[in-house]
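Dropping a structure here in structure tokens format, bear with me for questions.
Nothing in this text is a laboratory measurement; each read-out follows from the coordinates by a stated rule. Since the structure is predicted, the reported quantities are computational estimates derived from the model, not experimental observations. Cβ placement follows ideal geometry from the backbone for every residue including glycine, while neighbour counts extend to all protein chains displayed.
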Amino acid sequence: MAEIVIENAVKKFGHFFAVNNVSLTIQDQEFMVLLGPSGCGKTTLLRAIAGLGMLDSGRIMIGGRDVTYMPPRERNLAMVFQSYAIFPHMTVYDNVAFGLKMRKADPAETDRRVKQAAELLHIEQMLDRHPSRMSGGQRQRVAVARAIAVQSEVLLMDEPLSNLDALLRLEMRAELKRLLVELKVTTIYVTHDQIEAMSMGDRIAVMRDGVIQQVDKPNTVYDTPSDRFVGGFIGNPPMNFIDGQVQIKNGAVKVQIGEFTIHPPEVIASVLKAFDGQQVVIGIRAENIETFTTPTEGAMKVQVLVVEPLGSQNLLTIKINESMLKVATHPDFPATADHDIWLRFPIDKVRWINRESQKALV
Amino acid sequence: MKRKKRNWTPYILLAPSLIYLAVFFAWPMVRSLSLAFYKDDAQLSLRAEASFTSPVVGAIPQAATVTILDTQGNHLETAVDSGTITEVWYRISSSGADGAAAEGWILSDRVRVDEESGGVPTLGRIRAVRRSGADPQSSVYVQPGSSHGEVAARLDAQTEVNILELVTLEVWYQVSGTDREGQTIEGWAQSAFITRGEQDPSSGFIKKGDTGEWTLDFIRAMVADRFFMSALTTTLLLTVITIPIQFVVALVMALVIQARLKGNTLFLYLFAIPLGVSELAVGIVFYLLFTESGYINSFLMGLGLIDQSITFISIQTRHWIIIAIVLAEVWRATSIVMVILVSGLQAVPTELLEAAELYGAGLWQRVRHVILPLLKPSIQVALILRTILALQVFAVVMAISGGDIVTTLSRETYRWYSEEIRNPNMAAAYAGLIMLISIFTAIFYLRAVRTQEEAAIT
Amino acid sequence: MTAEIKLTNAGVASAEMQAMRRRALRRLRINRGITYAIAISLAVWIILPIYLIGSMALTTPAGVRGFPKAIFPFTDISLDTMSFFLQSQGILRGIVNSIVVALITLVLSTLIAAPAGYAISRYVFRGRDFYRLAILGVRAFPVIVLAVPLAVLFMRMGLFDKTYSVALMHTALTLPTTVLVIGSVFASIPYELEEAATVHGATALQAFRRVVVPLALPGIAAAAIFTFVMSWNEVFAASILTLENRTLPAQVLNALNKSSPEYQFAGGFFMLIPSLIFIFFIRRYLFNMWGQVTK
């Protein structure tokens, strides 16, 4: 059992709160992704878990042990570093065996585990080589092999794929996922790449300015972001946000986008009652917007500014009021710049966001 | 990015430094070797007639005894630079050994000139006689050019003399002696090369030659010198003791710096201070600690551990002097090792050390398995540099022991060149020995501390 | 939800957990404390000798001769010892000579080393590695070997016992270090900056003067100061090459056996002072000097 519990973690650099009162529980054998833009504190949090930077307050427990003040080597975890941190003066074998040798493991057992890890990462041919002449991808494999050879229950990964080129990243992503499913270790994976996060994580914790904004399954985070930031950060293109005005007429709640009117569902409508006459933000994903070439019931007429064919889809840029809107359409959809089309927002796909707090209205 | 074009600019830019180093490094180095191995005055050529134009009939090695058969010449010139090798005689005045004023003529070789005016010597000092069993005093004669003539006075070495006038004599002796092959030869040579016996004017010995030859004489003389073994062993002992201590202390310093404590920059500055401190000053400081009325004695007395000063610096307590020198050297030269190690450590990515820590390496394991191997190139440079500098330890030794109780190779170099001896050949022999040991240790380190990557690639 | 459940679980095992936490925290503090203790004792090891000679040099001559000496604080602060030293025969002259020698060395060494440093950091040319290696070799070369033949040469050329002949020797000694340091200073200035200047209309010389020189100047100044310190401290060559025109260390060395403790301690302290100040000014560059050497 290696459940990781982080309670009220705070880490300051001077007056800057890198990690600001974060609490998070990662379940045993779960693959948790810490996602966020650079400088959001995700690496700082990971390093605090590893013991490479002491928390200013709060505590960290791994498998029921309070490790807050323990040095890294006593926390019994493995880590893959962003720069791989492969020892240049050791052979691949010695690198992979390092953790085991430091823990004074039985030599035969060490050998067995090194070979096993090497096999899993397909580096068994390179065990005698020095890393100085290996490619980035190969070093990456050595780093992962070293991490899994110690068979610790917790594996930390700090942007492990960020130094690889695009193609290799794609390949390693799939391979890492397969491997980690097999190994069943508790994994915390730090990345700023939302595709990596979406594709690999059991759950994603989105961080911003030292605070965790949302923790949930990838699809949940994608479909129902907890706030405007998360919606804007996850997904390519990011979620669209349009300002609308709440109007209550005869007890019926309507949201007015320019001349166009949306009728929110019952749940939302009851919340929106408090916002009469105020602005509310409507969030909707590009692929969820329905498009028509002819006037359609409940659709608004808009003018296409730009058409970007992306192969699997076409991305249209549309201006509504002062907001720019991205709309994904089937490649066959006949839209051209400067021509009118009609859009409709499926009401169940719309995310309603408080304009003041930027939080989603449940 | 470096400029990739190949042109003459870099060579022009390098030229001044190359020329300078050729003149002030390469040349002295070669010259130093020739001083140590080449004896300018190994043999004296004998000529058929008493003239430089006459043919050479043979040569007699320096220091050989000869029989003086005849004397010729003796014509006087007043100029110093007459173009031929001659005897120069000074008329001097001084107070003699008994305090009475002395005046007379003395051979210029016996006087070390201290002051000149317009190229003419005015003030000097009687040279010490170095030959064992020699007359410690020098004779002053009534007439110039007559080493066997009437003695006017006897002067001690180091007596100050006024040089009143000088004459240049060209005197030739006909001598008979044995050459290197054992054959007896006869011929003429200038008196300047031959010392005539004081008791027996018909015998003499070859003071110096006029023909050079390669020789191991200086090396032999060095090895036979009474200070040689002591200087060599002390130098090596100091090196062997000092360097490991310096490396351990420097590594601890580097690790402390690496720990990034509060006040890190202050610690760094403090640790680096000795880098700029004069070797002589450090020697004096540690002399102050160890001297009889010094701080260590004061401290021990203050604690009531001793009633009387301990004498650390004396012939009987050489080990204390060695300890004082080692401490002074550790104080002084650890900084340079520290700076080299810290800059080496800065080049080591922190993630490597973190990875080691994370995978279970304790402090010692990190040092042993990660830090030291990665610092190998830095350690190599520091080792070579420190060893070569340690072999030259000089001012510290001079300051602490006065340079006589404990002596080192560099101290011997200094002894043979300066003071009253001024023997550049012997000095060069000692210097050459230091160079030889330096080169060997450098090669040894380069081979021994070879990095594993190098071994793997080659 | 889960986090809250865990919180209560933690509460159950709290006594044991608290103890563990306290132990870990204590160990952490002890480790930190040990590191500080080591750092401070090393700092004391460095400072103490300087403090002791300082307290000797800045007390009365009677204090210098007194025994047992008080370690703390200064017995009597007085400039008598220092002024006695400064008024001793040959000292003022020695100081002047030392400064002259060090300044000539500084100027010569910097002038010769700067172009060479620029060349090795900016150009790729045949023999570059050899040059660097040779410079390194020369850097580690025994000074002593050079002093004697140069003294013989200077004597023959009538340059013996002149301040500038000592400076010539010192330049040879400091040149390799200066070349390497200045090389690393130039290497730390990206060549792109020069290229950018050229692209924006500067000639190569202008780019050098307007961009490289201002950036390199502090580093070169540091190298020059280090050169000064090396020359100021050098004693062996200076003693061999001079008789009357001694530099300060040579003068003190020569008088060592015949001098009083006041003279020695004041002399030691006086020689030590400039280096304290200079090293302070160039401390930032010390690593520049050595980082490069190992590569």
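Near the amide H of residue A:31, under 5 Å away, which other amide H atoms are found, from residues 5 or more places off or on another chain, if H is placed in the peptide plane?
When sequence neighbours closer than 5 places are left aside, the close amide H contacts are A:187, A:202, A:203.
Got a sec? Charge dipole of chain C, +1 on Cβ for Lys and Arg, -1 for Asp and Glu; which of C:115, C:282, C:164 is way out at the positive end?
Toward the positive end, the furthest listed residue is C:282.
Next up: Counting other C-beta atoms within 10 Å, which of B:338, C:20 has the fewest, and how do the rest follow?
So the ranking, lowest neighbour count to highest, is C:20, B:338.
Above 17 angstrom, tally the Cα pairs of segment B:253-302 and express them as a % of all pairs, no decimals.
Distances greater than 17 Å cover 56 percent of the Cα pairs.
How large is ³J(HN,Hα) for each residue in segment C:244-250, as worked out from phi by the Karplus curve 6.51 cos²θ - 1.76 cosθ + 1.60 (θ = phi - 60°), to whole Hz, x for Gly and Pro?
Coupling constants for segment C:244-250: 9, 7, 6, 7, 4, x, 5 Hz.
To the nearest µm²/s, what D does Stokes-Einstein give for chain A at 10 °C and 1.306 mPa s, using the Kirkwood radius over alpha carbon pairs as Rh?
Once the numbers are plugged in, D ends up at 69 µm²/s.
Please average, across the residues of B:401-411, the number of beta carbons from any other chain that are within 10 Å of each residue's own beta carbon, and give a whole number.
The shielding value for this peptide is 1.
With +1 on each Lys and Arg Cβ and -1 on each Asp and Glu Cβ, and nothing else charged, work out how big the dipole of segment A:225-362 is about its Cα centre, in Debye to the nearest 20.
Rounded to the nearest 20 debye, it is 360 debye.
What whole number of Å gives the distance from the Cα centroid of segment C:136-152 to the Cα centroid of segment A:8-41?
So the separation of the two Cα centres works out to 60 Å.
Taking 41 Å as R0, compute the FRET efficiency from the Cβ-Cβ separation of residue A:128 and residue A:310 and round it to 0.05.
0.35
May I ask you to compute the full-extension gain from residue C:27 to residue C:215, defined as 0.36 nm times their residue separation minus their alpha-carbon distance, rounded to one decimal in nm?
In short, 63.0 nm is gained.
Please report, to one decimal in angstroms, the Kirkwood hydrodynamic radius of segment A:240-354 built from all distinct Cα-Cα pairs.
The Cα-based Kirkwood calculation yields 14.7 Å.
Over 30 Å between C-alpha atoms is what I'm after, so list which of A:217/A:301; A:12/B:376; C:69/C:258; A:11/A:217; A:11/A:101; A:273/A:301 land there.
Going by Cα-Cα distance, A:217/A:301; A:12/B:376; A:11/A:101 fall outside the 30 Å limit.
Please give the average number of partner chain Cβ atoms lying within 10 Å of the Cβ of each residue in A:20-27, rounded to a whole number.
Mean inter-chain Cβ contacts per residue within 10 Å come to 2.
Moving to a separate point now. With each pseudo-label sitting 7 Å past Cα toward Cβ, what's the residue B:180-residue B:440 distance in nm, one decimal?
Taking the simple label geometry, residue B:180 and residue B:440 are separated by 2.8 nm.
A further question on this structure: Ratio of chain B's C-alpha Rg to 2.2 N^0.38 Å, to two decimals?
Working it through for chain B, the quotient is 1.34.
What is the projected area of the convex hull of the Cα atoms of segment B:271-409, averaged over all directions, in nm²?
If I average the Cα hull's projected area over directions, I get 11.0 nm².
Compute the FRET efficiency between residue C:198 and residue B:346 as 1/(1 + (r/R0)^6), taking r as their Cβ-Cβ distance and R0 = 30 Å, and round to the nearest 0.05.
Between residue C:198 and residue B:346 the formula returns 0.40.
Under 1.5 on a/c is rounded, so check that first for segment A:314-362, then, if it is not, pick prolate when a/b is larger than b/c and oblate when it is not; a ≥ b ≥ c are the square roots of the alpha carbon gyration tensor eigenvalues.
Cα axes put segment A:314-362 in the prolate bin.
How many nm is it between the label spots at residue A:294 and residue A:106, if each spot is 7 Å from the Cα in line with the beta carbon?
Here the modelled spin labels are 7.9 nm apart.
With a/c under 1.5 counting as rounded, go ahead and sort segment B:213-350 into rounded, prolate or oblate using the C-alpha gyration tensor (a ≥ b ≥ c being the square roots of the eigenvalues; past the cut-off, prolate if a/b is larger than b/c, else oblate).
oblate
Could you tell me which residue out of B:297, B:274, B:315 lies farthest along the dipole of segment B:223-457 toward its positive end? Charges go on the beta carbon: Lys and Arg +1, Asp and Glu -1, centred on the Cα centre.
Sorting the options by dipole projection puts first B:274.
If you project the alpha carbons of chain C onto their three principal axes, what span does each projection cover, largest first, in Å?
Extents along the principal axes, in whole Å: 94, 71, 34.
Along the Cα-to-C-beta direction of residue A:236, a point sits 7 Å from the Cα; which residues of segment A:161-189 have their amide N less than 18 Å from that point?
A:161-175
If you take each beta carbon of peptide C:27-35 and count the beta carbons of other chains within 10 angstrom, what is the mean?
2
Now a separate question. If I model a spin label at residue B:72 and residue B:122 as a point 7 Å from the Cα along the Cα→Cβ vector, what separation in nanometres do I get?
In this crude spin-label approximation the distance works out to 4.1 nm.
Mind putting a number on the dipole of chain A about its Cα centre? Charges go on the C-beta only, +1 for Lys and Arg and -1 for Asp and Glu, and I need it in Debye to the nearest 20.
In debye, rounded to 20, chain A gives about 840.
If I take all pairs of Cα atoms in the protein assembly as shown, what percentage of them are more than 43 Å from each other?
When all Cα pairs of the protein assembly as shown are counted, 58 percent exceed 43 Å.
A follow-up question, please. For segment B:223-457, what does the alpha-carbon gyration tensor say about shape, rounded, prolate or oblate, given a ≥ b ≥ c as the root eigenvalues, a/c under 1.5 as rounded, and a/b over b/c as prolate?
Oblate, because a/c is 1.5 or more while a/b does not exceed b/c.
Hey, if you put +1 on the Cβ of every Lys and Arg and -1 on every Asp and Glu Cβ in the protein assembly as shown, which of A:213, C:86, B:241 ends up farthest toward the positive end of that dipole?
Projecting each Cα onto the dipole axis, the largest value belongs to A:213.
Hey, with R₀ at 35 Å, roughly what FRET efficiency would residue B:135 and residue C:260 work out to, going by the Cβ-Cβ distance, to 0.05?
Computed FRET efficiency for residue B:135 and residue C:260: 0.45.
Still on this structure: Tabulate in residue order the Karplus-calculated ³J(HN,Hα) for segment A:26-43, using 6.51 cos²θ - 1.76 cosθ + 1.60 with θ = phi - 60°, rounded to whole Hz; enter x for Gly and Pro.
In residue order, the calculated couplings are 10, 6, 4, 6, 7, 9, 9, 9, 9, 10, x, x, 5, x, 8, x, 5, 5 Hz.
Considering just Cα atoms, how many Å³ per residue does the convex hull of segment A:267-332 enclose?
In segment A:267-332, the Cα convex hull volume per residue is 120 Å³.
Aspartates and glutamates within cross-link reach of residue A:326: Cα-Cα under 19 Å, excluding same-chain residues under 8 positions apart?
A:223, A:227, A:243, A:287, A:290, A:308, A:338, A:340, A:348
May I pose another question? Please give the peptides B:151-163, B:346-358 ranked by average Cβ packing (other Cβ atoms within 10 Å per residue), highest first, as a rough proxy for protection.
So the order, starting with the most tightly packed, is B:346-358, B:151-163.
Can you give me the Cα centroid spacing of segment A:57-107 and segment C:17-33 in angstrom?
Segment A:57-107 and segment C:17-33 have Cα centres spaced 20 Å from each other.
In a Gaussian network model over chain C where Cα atoms closer than 10 Å are linked, find which of C:63, C:90, C:158 has the largest mean-square fluctuation.
Maximum among the listed residues: C:158.
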